[in-house]
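Heads up, the thing below is written out as structure tokens.
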Amino acid sequence: MALMPGRDPREIEEAVPHQLRLAAAIGWRVIVIVVAIGLAAFALAQVRLVVLPVVFALFLASALIQPVRGLQRLHFPPAAAAATALVVALVVLGGLVTLLAPHVAGQFGDVRDSVREGTVQVTDWLLEGPLDLSRSDLERYREQALDELEERSGDIAGGVIGGAYLAVEIIAGVLLTLVLAFFFLKDGGRMWRWVVGLFPPLARTRVDDVGQIAWATLGGYLRGVTIVALFDAVLIAIALWVIGVPLVLPLALLTFVGGFFPIVGAFTAGAAAALVALVSNGVVDALLVVAAVIVVQQIEGNVLQPVVVSRAVKIHAVAVLLAVTAGAVIWGIVGAFLAVPVVAVISRAASHLRSGGDEAVEPQPP
């Protein structure tokens, strides 16, 4: 104003091009949203001992809600149905761990050694092969990667929580998760009605619809991704067995776990299987493993995913990759695991709100 005395502020504003004003308006709003998300993530990280058990309890409850409803239809009281479902789930999980642990625990060291040796062979091929890369450059990049891994490992071991306190926090988190999951399964309907009742009367229907959509999306995602991960693990195990690659069981287990980390997990498990095949059987079998992984991923992406997951999760692959990366940067491996379901829930809820409530909401029994 001092530079242009007597000018009307509205004239100055009108002199700014419309596109620039629009970009500025969008820009500061994006900055506010990013800062708010960052502050929220930081605040949640400070109370992770409460936040993570609540989140994992919701995951567990969404996975067990159908068995609980089945038990209730058999005239089980709500508390007995919830307790029975949790106990059976824990017994099954404990049985699987007891059955697999003796066979798998010792083999993971062999997988690690094979992956390391395979990485060395690939590095040597890059140096001596047609690419004619510089050894000093590759050695520098490899040293940087190893230093970064050691630094991250040190942060996890000592910088976040140390020693006995870590064990206490894990035990407390698991116990709190189980208790919360029991009450979510037993009294989830009443809890949700109480939450809805906190909102003004005119907003309660919309809030209830969004909650129902979020719950259905979370349950659908977990059931779908579990089926997909199991499908990938079984087919990869069969392919490795047919090709004659050793360490089939730990590689299949790695594939199953990787299924819960979309895109990144499949790539990591496939690369590990190919490197083990390269070290144990040679280049031809390694290429066969790569081909098998590609075929399985194509079947999953074009046949299985649209049927069992896409109804709950309609997110582009780029958004999935960015979500997993952002989650890993913010909260490590837990963030990478939670990223996609959180984005899926937010996406479905936002879609319902944009549609003005026209999107059909599948009723959820209490």
Stretched fully, the stretch from residue 283 through residue 73 gains (0.36 nm per residue minus C-alpha distance, one decimal, in nm) 70.0 nm
Region 169-278: spread of alpha-carbon positions along the three principal axes, whole Å, largest first, is 64, 32, 20
In nanometres, the difference between 0.36 nm per residue of separation and the alpha-carbon distance of residue 101 and residue 333 is 81.3 nm
Expressed in nanometres to one decimal, the distance between label points 7 Å along Cα→Cβ at residue 202 and residue 290 is 6.2 nm
In nm, the gap between the two label points placed 7 Å beyond Cα toward Cβ at residue 193 and residue 26 is 4.5 nm
re region 214-258: pairs of Cα atoms spaced beyond 18 Å account for a percent value of 37 percent
FRET efficiency (residue 326, residue 223; Cβ distance; R0 35 Å; to 0.05) is 0.90
Plugging the Cβ-Cβ distance of residue 299 and residue 117 into 1/(1 + (r/R0)^6) at R0 = 30 Å yields, to the nearest 0.05, a FRET efficiency of 0.50
Ratio for region 252-302, C-alpha Rg to 2.2 N^0.38 Å, reads 1.10
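Where a number appears in this text, it was derived from the coordinates with a stated rule and is not lab data. Because the structure is a prediction, the values reported are computed rather than measured. Because the Cβ atoms are built from the backbone with ideal geometry, glycine has one as well, and the counts that use them run over all protein chains shown.
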